[in-house]
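Just so it is clear, none of the values below were taken in a lab; they were calculated from the coordinates. Model, not experiment: these values are computed from the prediction. So basically every Cβ, Gly included, is an ideal-geometry build from the backbone, and we count neighbours across all protein chains shown.
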Amino acid sequence: MEELKVLIVDDEERMRKLVNDFLTAKGFKVLEAADGEEAIDLFCAEKDIALILLDVMMPKMNGWEVLKAIRKISKVPIIMLTARGEEQDELQGFKLGVDEYITKPFSPKILTARVDAILRRTGRSKSDVTEAAGITIDKTAHEVRVDGKTVDLSYKEFELLDYFIQNKGIALSRENILNNVWDYDYFGDARTIDTHVKKLRAKLGPSGEAIKTIWGMGYKFEA
């Protein structure tokens with residue numbers, strides 16, 4: 001699968017980490033810049049960045065200045081991340097060549113969906129078919145097959161399986177799974193994961209044995 005590079009430009013370390021963790025889990029290679037000057041240096045050095053997530057209010061060079069500088073040399077897709085929500089700001093962004101405009105705070109899942117949508121429009125989307133342990137996930141068709149036979153999963157079971165396979169070989173805590181599958185704003189009981197895993201294993205048959213329990217912590221998918 002092609003690993004696409006996304007550049008996050010934001011002076012808030014917490015925001016960079018949140019977005020980085022989520023996009024990395026979705027299969028992207030993430031680069032970070034804490035200010036506008038660093039962003040331009042990184043962009044020029046890397047050459048093959050597929051998309052930029054760009055904050056507006058930053059030291060040294062603000063987002064508008066970075067946007068103008070990059071637009072002189074590239075048409076790379078850019079999503080502006082900002083605490084502002086005024087219509088005039090959004091209009092300015094689109095006039096300067098912004099592809100999307102997302103106001104903080106935002107759901108990481110919504111951000112990921114916007115990233116995927118823009119990359120599809122520009123012909124840079126990641127492969128939507130993943131295979132492991134006899135399981136095939138087609139995210140475009142939202143379909144799962146086990147040894148060639150279609151398996152009917154609920155929306156959350158599908159998301160959970162996809163997250164396991166994207167992170168195969170990695171020990172995942174229940175908190176980590178909740179944050180990434182149920183989103184960061186989920187405050188329910190972590191035992192809901194155990195219920196979904198039990199149902200998922202049953203539906204996957206022998207392939208469900210690839211989902212290993214790590215006692216006292218969470219789960220790991222071993223192909």
At 222 nm, what helix-only mean residue ellipticity would the chain give, in deg cm²/dmol to the nearest 500, using -39500 (n - 2.57) for each DSSP H run of four or more? -12500 deg cm²/dmol
Net charge, Lys17 excluded, C-beta distance under 11 Å - Lys, Arg +1, Asp, Glu -1: -3
Can you give the % of DSSP beta bridges in the chain that are antiparallel, to the nearest 5? 50 percent
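Could you line up Val98, Val19 from fewest to most neighbouring Cβ atoms inside 10 Å?
Result, fewest neighbours first: Val98, Val19.
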For the residue pair Lys149 and Ala45, what label-to-label distance in nm results when each label sits 7 Å from Cα along the Cα-to-beta-carbon direction? 5.3 nm
Starting from the Cα of Ala141, step 7 Å along the direction of its Cβ; do the same at Arg201; then give the gap between the two resulting points in nm. 2.9 nm
Send over the Kirkwood Rh of the range 139-223, from the inverse of the averaged 1/r over different Cα pairs, rounded to one decimal Å. 13.1 Å
Report the convex hull volume per residue for the chain, counting only C-alpha atoms, in Å³. 129 Å³
Which whole-number percent gives the relative contact order of the chain, counting Cα pairs below 8 Å spaced six or more residues apart? 15 percent
With label points set 7 Å from each Cα along the Cα-to-Cβ direction at Ile110 and Arg71, the distance between them in nm comes to 2.4 nm
When the chain is modelled as a GNM with alpha-carbon springs shorter than 10 Å, which of Asp162, Asp55, Asp194 fluctuates the most? Asp194
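My understanding is that a pair violates if its Cα-Cα distance is over 32 Å; which of Lys29/Lys95; Lys47/Lys104; Lys17/Lys168; Lys75/Lys156 do that in this structure?
Lys75/Lys156
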Rounded, prolate or oblate: which one fits the range 5-121, using the alpha carbon gyration tensor with axes a ≥ b ≥ c (rounded when a/c is under 1.5, else prolate when a/b beats b/c, else oblate)? rounded
